[in-house]
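Student: Let me give you the structure first, and then I'll get to my questions.
The values are calculated or read from the model by the stated rules, or taken from the named source; none is laboratory data. These numbers were taken from a predicted model, which means no experiment stands behind them. Backbone-built Cβ (ideal geometry, glycine too); neighbour counts: all protein chains shown.
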Amino acid sequence: GNSVTQMEGPVTLSEEAFLTINCTYTATGYPSLFWYVQYPGEGLQLLLKATKADDKGSNKGFEATYRKETTSFHLEKGSVQVSDSAVYFCALSGRGSNYKLTFGKGTLLTVNP
Amino acid sequence: DAGVTQSPTHLIKTRGQQVTLRCSPISGHKSVSWYQQVLGQGPQFIFQYYEKEERGRGNFPDRFSARQFPNYSSELNVNALLLGDSALYLCASSSETVYSNQPQHFGDGTRLSIL
């Protein structure tokens, strides 16, 4: 079955530091890949997505590239802000009739001023 | 435009009781999914409905059931509650059709606590 593995947290960075959160996946066929962000006490917000190999998703300074050869979708940001502190989830959904999302366990990011 | 709305926000129940959680999708979205998020974990898929038909079911016991109404809103029912059912229950909607895979948009969830 489908699965997502993302780096264990928590991750603590200083403001303006470079961020990488690793994500690898196992899936049949060609899944769509997503990063969701969850702020304290809230639901999940879609951060970015990529639907085919070599696609780059980007939003709010965050980027991730769909790498089929390494089955990876690592999240990066060049300069983090305190407001980026949240839990980040990598997820995939299969094609065809099954669009359910399979999530990783989440990575807690704390950015200190 | 309103996002996905869920009610109630918080709920406290005791073991053995039954609970109904409600979800209103984004206007125009015909697909609704339910997820359970236990503290410190990623969400786990429970059900997906599209055009009032169940499209998928996750690995949850028969105590969990759901339905989708003609206006595309949805209810999740859980019977014979157990302590382990304590979690954040998330609803997500999507504008997908049978032929396209669109992102799912989540509500803020219902926090269910079992005493």
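Student: Is it true that some residue in region B:72-88 is touching a Lys or Arg at 6+ places or on another chain (Cβ under 7 Å) and among the β-branched types (Val, Ile, Thr)?
Tutor: Within region B:72-88, one or more residues are touching a Lys or Arg at 6+ places or on another chain (Cβ under 7 Å) and among the β-branched types (Val, Ile, Thr).
Student: From (1) surrounded by fewer than 21 Cβ atoms within 10 Å (Cβ to Cβ); (2) outside any loop (DSSP other than H, G, I, E, B); (3) of a type outside the set (Lys, Arg), pick out the condition that doesn't hold for B:PRO103.
Tutor: Tallying (1) surrounded by fewer than 21 Cβ atoms within 10 Å (Cβ to Cβ); (2) outside any loop (DSSP other than H, G, I, E, B); (3) of a type outside the set (Lys, Arg), B:PRO103 fails exactly one: (2).
Student: Then there's this: Any residue in region A:99-111 that's on the phi > 0 side of the Ramachandran plot: show its pairings with residues that are of a type in the set (A, V, I, L, M, F, W, C) at Cβ separation under 6 Å, as long as the two are six or more apart or on different chains.
Tutor: Taking only residues 6 or more apart or on different chains, the pairs are A:GLY106/A:VAL87; A:GLY106/A:PHE89.
Student: Right, another one. All but one of (1) assigned to a loop (DSSP other than H, G, I, E, B); (2) closer than 20 Å to B:VAL4 by Cα hold for B:ASN59; which doesn't?
Tutor: B:ASN59 satisfies every listed condition except (2).
Student: Report yes if some residue within region A:81-95 is crowded, with 16+ Cβ neighbours inside 10 Å, within 14 Å of another protein chain (Cβ to nearest Cβ), more than 24 Å from B:ARG111 (Cα to Cα) and among the aromatic types (Phe, Trp, Tyr); otherwise report no.
Tutor: There is no residue in region A:81-95 that is crowded, with 16+ Cβ neighbours inside 10 Å, within 14 Å of another protein chain (Cβ to nearest Cβ), more than 24 Å from B:ARG111 (Cα to Cα) and among the aromatic types (Phe, Trp, Tyr).
Student: Name the residues in region B:20-30 that are over 14 Å from B:ASN71 (Cβ atoms) and buried (at least 18 other Cβ atoms within 10 Å of the Cβ), would you?
Tutor: Once the filter is applied, which keeps residues that are over 14 Å from B:ASN71 (Cβ atoms) and buried (at least 18 other Cβ atoms within 10 Å of the Cβ), region B:20-30 yields only B:LEU21.
Student: Turning to a different aspect of this structure: Can you tell me which residue is modelled with the lowest pLDDT among those in region B:89-100 that are at the interface with chain A (Cβ under 8 Å from one of its Cβ atoms) and outside any loop (DSSP other than H, G, I, E, B)?
Tutor: B:SER94
Student: I would also like to ask the following. Any residue at all in region A:56-70 that's part of a loop (DSSP other than H, G, I, E, B), facing chain B (nearest Cβ under 9 Å), surrounded by 18 or more Cβ atoms within 10 Å (Cβ to Cβ) and not small (Gly, Ala, Ser)?
Tutor: The answer is no, given that none of the residues of region A:56-70 is part of a loop (DSSP other than H, G, I, E, B), facing chain B (nearest Cβ under 9 Å), surrounded by 18 or more Cβ atoms within 10 Å (Cβ to Cβ) and not small (Gly, Ala, Ser).
Student: In region A:5-54, how many residues are modelled with pLDDT of 95 or more, surrounded by 13 or more Cβ atoms within 10 Å (Cβ to Cβ) and among the β-branched types (Val, Ile, Thr)?
Tutor: Qualifying residue count for the region: 5.
Student: Using the structure shown, decide if B:SER33 is in contact with a strand residue (DSSP E or B) (Cβ under 9 Å, 6 or more places away or on another chain), touching a residue at least 60 places away in the same chain (Cβ under 8 Å), in a strand (DSSP E or B) and under 25 Å from A:VAL4 (Cα atoms).
Tutor: It is true that B:SER33 is in contact with a strand residue (DSSP E or B) (Cβ under 9 Å, 6 or more places away or on another chain), touching a residue at least 60 places away in the same chain (Cβ under 8 Å), in a strand (DSSP E or B) and under 25 Å from A:VAL4 (Cα atoms).
Student: Counting only residues that are modelled with pLDDT under 95 and more than 14 Å from every other protein chain (Cβ to nearest Cβ), which one in region B:12-60 is farthest from A:CYS90 (Cα to Cα)?
Tutor: B:LYS52
Student: Right, next: Of the conditions (1) away from every other protein chain (no Cβ under 11 Å); (2) out of contact with any His (no Cβ under 9 Å at 6 or more places or on another chain), B:TYR72 clears all except one; give me its number.
Tutor: Condition not satisfied by B:TYR72: (2).
Student: Looking at (1) without any contact (Cβ under 8 Å) to a residue 40 or more places away in the chain; (2) touching a Leu at 6+ places or on another chain (Cβ under 7 Å); (3) within 11 Å of another protein chain (Cβ to nearest Cβ), which is the one condition that is false for A:PHE34?
Tutor: Just one mismatch for A:PHE34, condition (1).
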